[in-house]
1. Show log10 I(q)/I(0) for the protein assembly as shown at q = 0.05, 0.07 Å⁻¹, two decimals, from a solvent-free Debye sum over equal Cα scatterers.
2. Quick one, what does Rg over Rh come out to for region B:459-534 if you take C-alpha atoms and the Kirkwood Rh?
3. Taking 10 °C and 1.306 mPa s as the conditions, I'd like the Stokes-Einstein D for region A:280-372 in µm²/s, using the Kirkwood hydrodynamic radius from alpha carbon pairs.
4. Given the -39500 (n - 2.57) contribution per DSSP H run of 4+ residues, what per-residue ellipticity at 222 nm results for the protein assembly as shown, rounded to the nearest 500 deg cm²/dmol?
5. Hey, any idea what % of chain B's accessible area is carbon plus sulfur with a 1.4 Å probe?
6. List every DSSP H helix in chain A whose Cα atoms extend 27 Å or more along the helix's own long axis and whose mean Kyte-Doolittle hydropathy is at least 1.6.
7. At a Cα cut-off below 18 Å, give the aspartates and glutamates reachable from B:LYS334, other chains included and same-chain residues fewer than 8 away excluded.
8. Tell me the trypsin sites (Lys or Arg not before Pro) within region B:410-495 that lie in a loop according to DSSP and have at most 16 other beta-carbon atoms within 10 Å.
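The values are calculated or read from the model by the stated rules, or taken from the named source; none is laboratory data. Being a predicted model, the structure only gives us computed values, none of them experimental. Using ideal geometry, Cβ is built from the backbone for each residue, glycine included, and neighbour counts are taken over all protein chains shown. We work out accessible area using only protein heavy atoms, side chains counted, and drop any ligands, DNA or RNA first. Shrake-Rupley method; radii C 1.70, N 1.55, O 1.52, S 1.80 Å.
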Protein chains: 2
Amino acid sequence: MKKTGLLLLGLAISISVSYSQQATSLMPQPKKVEIGTQMLQIDKNFTILIDGQPSNFIFDRADDFLRRLAGRTGVFIQQDRISPSMNKPVNPKMLIKVEEPGILELGVDESYSLNIDANHIKLYSKTSYGALRGLETLIQLLDSDQKGYYFPEVKIDDSPRFPWRGLLIDPARHWLPVEVIKRNIDGMVAVKMNVLHLHITDDQGFRIESKVFPKLHEMGGEGMYYSQEQIRDIINYASDRGIRVIPEFDIPGHATSWLVGYPELATIPVEYSVEREWGIMDPVLDPTKESTYEFLDAFLTEMAGLFPDEYMHIGGDENNGKHWKQSEHIQKFKNETGIKYNHELQALFNQRLHEILTRNGKKMVGWDEIQHPNIPKTVVIQSWRGQKGLTAAAKAGYSVMLSNGYYIDLIQPASFHYLNDPLPDGSGLTPEQARLVLGGEATMWGEQVTPETIDSRIWPRTAAIAERLWSPGNIRDVESMYERMAIISLQLEELGLTHEKNYEMMLRRLCRGKGVEELRILSDVSESVKRYRRNALSNVNALMPYTRFVDATRPDAPVARNFNQAVENLKDEAKHEDLEFVKDHLDRWFTNHQNLILILDNNPILHEIKPLANKLRTIAYIGIQALEYMESGQSSPEEWQEYALEECEKAKTPHGETELMIVSGIIDLIQNTK
Amino acid sequence: MKKTGLLLLGLAISISVSYSQQATSLMPQPKKVEIGTQMLQIDKNFTILIDGQPSNFIFDRADDFLRRLAGRTGVFIQQDRISPSMNKPVNPKMLIKVEEPGILELGVDESYSLNIDANHIKLYSKTSYGALRGLETLIQLLDSDQKGYYFPEVKIDDSPRFPWRGLLIDPARHWLPVEVIKRNIDGMVAVKMNVLHLHITDDQGFRIESKVFPKLHEMGGEGMYYSQEQIRDIINYASDRGIRVIPEFDIPGHATSWLVGYPELATIPVEYSVEREWGIMDPVLDPTKESTYEFLDAFLTEMAGLFPDEYMHIGGDENNGKHWKQSEHIQKFKNETGIKYNHELQALFNQRLHEILTRNGKKMVGWDEIQHPNIPKTVVIQSWRGQKGLTAAAKAGYSVMLSNGYYIDLIQPASFHYLNDPLPDGSGLTPEQARLVLGGEATMWGEQVTPETIDSRIWPRTAAIAERLWSPGNIRDVESMYERMAIISLQLEELGLTHEKNYEMMLRRLCRGKGVEELRILSDVSESVKRYRRNALSNVNALMPYTRFVDATRPDAPVARNFNQAVENLKDEAKHEDLEFVKDHLDRWFTNHQNLILILDNNPILHEIKPLANKLRTIAYIGIQALEYMESGQSSPEEWQEYALEECEKAKTPHGETELMIVSGIIDLIQNTK
């Protein structure tokens, strides 16, 4: 009967969670929440009335809300599709009142208030964008008891801490079809983000149709690019959900794909092909020729007509200057104009871009490197190199936003990103300078992700960044964040996001459907190596398969986190449930090994992780021994400690670019036996 | 140690499967396969050369093939993207040779030959379309041993039995975004289907942009329709994969959505709104006014320019004639023209359509009802009403294809569809008449499916229909079909199809992530009620949520099938493994109940299936008792038999439109105790 006992234990935990107040599980946390004890029951007569002067899309979003509510509850809500021409319900359960449509731009009012009592829901906002944010809070509040689904009594007043809460998506490195963008827009909306930054050109691909210079996408995009109609579709989709779309045309470096069709733009005008490798490349635009600016003027003017947002991103990062150094005419130009450093030459280039953008009514955004005394203060600096640079830029009078610390491609834990604050206590900025800190952007660089895996790198971790950028700065409880993130992660699935469901799918493919359980026991405690180590470990490039074990594993492997935490808890007082959890998992890892190895043997794609499986078995056994020493009340022999710690060191070595995430927990167990 | 023992048992089965020859697992089965013992190993130097006169898309499909091969094997194949301008590899491992591009039309040559030895793969075909079919056979042949992945030695000659192998998709009843269509096109390609039939208008929605009559999609589509650019995108995507796209504009009935914007087309020209209910509706076009034909002429001419295929479908089904009967001017027209029956009136209407289509170079397709002496023999009759009608139509000289028996919306088992032959032995057709039987179409009517669930209704069962339509008629082994279908089902996932992965996702949502294992034990033996019973049991319509337990369950619940089969096997000789399987499952259903009920209690959306859970427990216990009687060697008491059979009868009652699929197995067990 042991099995049943374990299931019951699991169940006891689940019941306590499902009874928790959804009102305390909101993510991002609102500025002010008061929770009451009444409930507004949901039945088929639930109706919504929309009042005031909202934008038309509010009707669509309210209808989406109604369908999601029906989808989650199974309640067949009778109200017909909500539209501006609908019959207004009498005695509506819910009233959405919007003062004015609002204009989607930096700093638009996104505040809202939400009041729920036993009989009514009132969602009020100044603009349509505030109402959008409030609808997402409301759907998160959905709760249930044995009688049915309900919204709890609350009074919420909410508005964002920062006006720029972005996600960078990079279809240049790996092509991402429109639906990938759209479902991630839906995810952004769910956590109240408001800027989609499309890194749409880079060495590895030119992903947007240009009618003026068609060889850009035809030759630089290799058939994988967004048509202008698709871009308009994406922009409309995003705008109707309160998300600004900002394109990045990364120049003068990171621009090989431009040169495939137009080599005359290059500093060294030879034949170029679309780049397959990752990294910093030498090809760079020629900043000394008028024809370069004529081209950029025509192109950026075309793009300015396509993207309605006031801001446009020109990249400007990681120009290694090699081709400029190698080029005689660039050297000659520098000598003639008295320019000493490449940075100055690039500033000259950026000044010309700035003129073009200004003429098109656009403000310029660029990475750290664009900062230069000659560059006007109207630009926005996006800091990828660090908090220091951000603070310095704000002190110099630039608007800034933070991406350093939000690089979600580096497979760091959500807690790391969560505690990374664009405007931490003690930043030393004056209130006026602090206002220049606009927010930040999570950056989903595309080298290591494909349409199949990208969602699992973005979600749910980006919810932690979204909370950092929306909620008051003093909301910093990591444990609470992880608990709430687990809830929102499941909710994100209803938007079509694949971060959960592609995990098992990829495991199924790896073992051809036979042995998923065994394989998951390993993958649940494994993660990709961190930061840029994957590039160093393997001969990666744009055409390699991203379908291996490492790609199936996910950041923040929850079983590993829980295990390490349970071990940590044992230090204070050995609670029965922590001990059971630790024991149970050690046993599972140890006994799983025999079957797992057969599965790895049978599937050549998994051969590379056999050492990882072996190491998990070894350190699991060490953990079991450690527990035995702890339970015996005696210290472990020093010899054993030495051996055990040495094995743990070995277990830190990645295999197949994957590493075991429970080594630190095992080391803690060993330390506990001293 | 019992747990480990069970896992090993499972593993023993899996090993035997993974070592089976992929060459005998092809689906659809080729016409002729010879299997040798050599292997062509796959390593990073695998290269493809394309020779002859192929269409350009063959380069893209060969590139897709290479990426899928890399994805499944993890082998980083070094060949760069395959394109017409690529550098030709020296000593290629694989040669694709295509005699001529071919033209995608009914009857295009899809034959191919595939020869693999230890050193080379040769794929030859007359047209590009044959090469496409051969590539899918090849990727299915991928196998592995401990040394790595390989293709087995084979000689295959293959060509289809029928030239029309279609899938009907119905975005009219529930809107389906472009990506749903595209991933299902990929699925069709994988099983060698070649016609996508888009049922693009119906009472519940008009899903295609008309530039001539924009109120059709604007008012009839409620914002959910394909733009003409999207339609061209779908057609190109399909054409480049050897799939013809045939639109269906269902008239004169099933046309309420046309009338929302253009009520003057109606027999009774009142105000219409988009239909929310399912079923046969009264609104119908007016066949007596010239203006109706002027409208249809302009519209169908527009559509004829958009859809390149020679065939166009005009529906013609389920006109109940009520509005014609109610309408004085229709009665007057009938009297004046001497038309007695509505069927004749509709034939008149169809004749006019036929003229319009002919003028546009199109051939007409319609459902059974269009058959009429006045309708020329050049039309194709799609038989939804039965084999009899099909045979009769062929005897009357019409080209025909079968859909009766391929209605995959009715949740019948794959075996049922598999054995349904458009041209069975003893059809009584002359060879000439038999040639008029073009094939068939699986019909995915859209009432009960959404983008979230549609893949699980189409796949994998449609693979069985695809085999029926491609493979020789004597390939009819149901067990073999199910085994091979399980393999192809996993492979279909790599195309983005969600039939597997949305199952657990929907279960997670139903129980908010807590209790998926317990819930799955129930859902694995549950299916939606069959045929049109769901409409009768529930107040269904277009706005109701399709996210309930019944929607998560899938056709052909494999655990139920295996259980019933294992019980069946016990009749002959009680094999140990069958007995273990039966026992194990009965125990699992019985012991799961306690936890399952708590989970159902905690999630109001699951309350409706509590009776189902209770009944599963009851009949599982009856099964356990039956086994005990069987083992004791004594007959069970008649009283007990009576009680047990009565409970089984009760257990047949559906709850939440869902039924238990193991009742027949339990009844068999009871019979075994007599």
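1. Calculated log10 I(q)/I(0) at the listed q: -0.40, -0.81.
2. That ratio equals 1.06.
3. It comes out at roughly 113 µm²/s.
4. Computed ellipticity for the protein assembly as shown at 222 nm equals -13500 deg cm²/dmol.
5. Carbon with sulfur: 50 percent of the solvent-accessible area.
6. none
7. Once the sequence-local aspartates and glutamates are set aside, what remains near B:LYS334 is B:ASP286, B:GLU290, B:GLU344.
8. In loop regions of region B:410-495 (DSSP not H, G, I, E or B), the sparsely surrounded trypsin sites (Lys or Arg not before Pro) are B:ARG476.
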